[in-house]
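As structure tokens, the structure follows; a few thoughts come after it.
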Amino acid sequence: MNITLQNIGRRFNREWIFRGIDYTFENAGKYAVLGANGSGKSTLLQVLNGSLVPSVGVLKYEDAGKEIEAGTVFNYLSLAAPYLEVIEDFSLNEMIDFHFKFKKFKAGIDKNAVADILNLEGSRNKLVKYFSSGMKQRLKLALAFCADTPMLMLDEPTSNLDTQGIDWYLSLVEKFSENRLTIVCSNQEHEYSFCENRLSIADYKG
């Protein structure tokens with residue numbers, strides 16, 4: 001899966017968040033989008049995943065040589081982000097079932113495996129609203145990593161995670177990011193140290 005940006009810019013009112021981005025995210029590459037808090041990293045990610053339309057420029061998606069319509073790109077990606085909500089009144093089992101109505105499991109993964117990865121085998125009927133903030137973040141990450149999509153987008157992936165949680169996140173990266181276009185928005189090196197490509201938002205300020 002490739003994403004090509006041609007003169008991409010996004011503004012709110014009269015203020016440019018970023019502009020003039022010419023860049024290609026190439027199939028199976030690992031990319032870090034870097035910048036200070038409030039710099040526009042999340043905005044760029046939302047443009048990339050199709051939830052925001054760029055103010056200027058052209059965005060192209062291509063999978064195995066076939067162009068993908070922007071309106072259907074959500075079928076090709078998994079996302080974990082602090083602003084992504086989980087359904088509080090669902091149990092863990094219900095949340096996993098709901099998520100995988102829209103995404104396929106990766107090979108060798110099923111509902112039981114997701115609960116095992118979360119180390120929550122005994123909490124499958126516990127409502128998500130009773131999870132700690134760290135467990136909710138783990139749930140978002142596990143759902144994203146375990147879905148069989150060619151793109152993986154992660155925004156501040158270790159927010160609300162302790163040191164053990166960070167190690168757990170990095171183990172998921174090693175196990176589940178192979179052969180996927182992976183984009184990490186971050187300003188903490190431990191979150192993106194495995195990314196061989198770096199894009200700094202500061203280079204594209206208006």
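Bear in mind these aren't lab numbers, they're just calculated from the coordinates by the rules spelled out. These figures come from a predicted structure and were not determined experimentally. All Cβ positions, glycine included, derive from the backbone under ideal geometry; neighbour counts span all protein chains shown.
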Q: Give the range 139-185 a look and list any residue that's of a type in the set (Phe, Trp, Tyr) and more than 15 Å from ILE109 (Cα to Cα), or say none.
A: TRP168, TYR169
Q: Please work out which one of (1) touching a strand residue (DSSP E or B) at 6+ places or on another chain (Cβ under 8 Å); (2) part of a helix (DSSP H, G or I) is the condition LEU139 fails and give its number.
A: (1)
Q: With the checklist (1) of a type in the set (Phe, Trp, Tyr); (2) out of contact with any helix residue (DSSP H, G or I) (no Cβ under 8 Å at 6 or more places or on another chain); (3) loosely packed, with under 11 Cβ neighbours inside 10 Å in hand, flag the one item TYR83 doesn't pass.
A: (2)
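Considering the range 144-168 alone, what residues qualify as being part of a helix (DSSP H, G or I), in contact (Cβ under 8 Å) with a residue 12 or more places away in the chain and surrounded by fewer than 20 Cβ atoms within 10 Å (Cβ to Cβ)?
Pass one, the range 144-168, residues part of a helix (DSSP H, G or I): 144-146, 163-168.
Still in the list and also in contact (Cβ under 8 Å) with a residue 12 or more places away in the chain: 144-146, 165-166, 168.
Residues satisfying the conditions are GLY165, ILE166, TRP168.
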Q.
Take SER133 and tell me if it is among the polar types (S, T, N, Q), surrounded by fewer than 19 Cβ atoms within 10 Å (Cβ to Cβ) and within 13 Å of the chain's Cα centre (by Cα).
A. no
Q: Please note which strands (runs of 3 or more DSSP E) are completely contained in the range 29-97 and include at least 2 residues that are without any contact (Cβ under 8 Å) to a residue 24 or more places away in the chain.
A: 66-68
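Please indicate, with yes or no, whether at least one residue in the range 179-195 is part of a loop (DSSP other than H, G, I, E, B), farther than 23 Å from ASN27 by Cβ and out of contact with any helix residue (DSSP H, G or I) (no Cβ under 7 Å at 6 or more places or on another chain).
Residues of the range 179-195 that are part of a loop (DSSP other than H, G, I, E, B), as a first pass: 179-180, 187-188, 193-195.
Cutting the leftovers down to farther than 23 Å from ASN27 by Cβ gives us 187-188.
Those still in the list that are out of contact with any helix residue (DSSP H, G or I) (no Cβ under 7 Å at 6 or more places or on another chain) too: 187-188.
Looking through the range 179-195, at least one residue is part of a loop (DSSP other than H, G, I, E, B), farther than 23 Å from ASN27 by Cβ and out of contact with any helix residue (DSSP H, G or I) (no Cβ under 7 Å at 6 or more places or on another chain).
Determine whether ASN112 is in a loop (DSSP other than H, G, I, E, B) and surrounded by fewer than 16 Cβ atoms within 10 Å (Cβ to Cβ). Full working, then the answer.
On the way: in a loop (DSSP other than H, G, I, E, B): no; surrounded by fewer than 16 Cβ atoms within 10 Å (Cβ to Cβ): yes.
When the stated conditions are applied, ASN112 does not pass them.
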Q) What pairs can you find where one residue is in the range 98-118 and free of Cβ contacts under 8 Å to residues at least 60 places away in the same chain and within 17 Å of MET135 (Cβ to Cβ), the other is of a type in the set (Gly, Ala, Ser) and surrounded by 13 or more Cβ atoms within 10 Å (Cβ to Cβ), and their Cβ atoms are less than 7 Å apart, with a gap of 6+ or different chains? A) VAL114/ALA142; ILE117/ALA142; LEU118/ALA142
Q: Kindly list the number of the only condition in (1) more than 28 Å from GLN188 (Cα to Cα); (2) crowded, with 21+ Cβ neighbours inside 10 Å that fails for PHE18.
A: (1)
Q.
Checking the conditions here, which among GLU189, GLU121 is surrounded by fewer than 16 Cβ atoms within 10 Å (Cβ to Cβ) and under 19 Å from LYS41 (Cα atoms)?
A. GLU189
Q) How many residues does the range 9-28 hold that are assigned to a strand (DSSP E or B), closer than 22 Å to VAL173 by Cβ and either more than 20 Å from the chain's Cα centre (by Cα) or among the acidic types (Asp, Glu) (or both)? A) 0
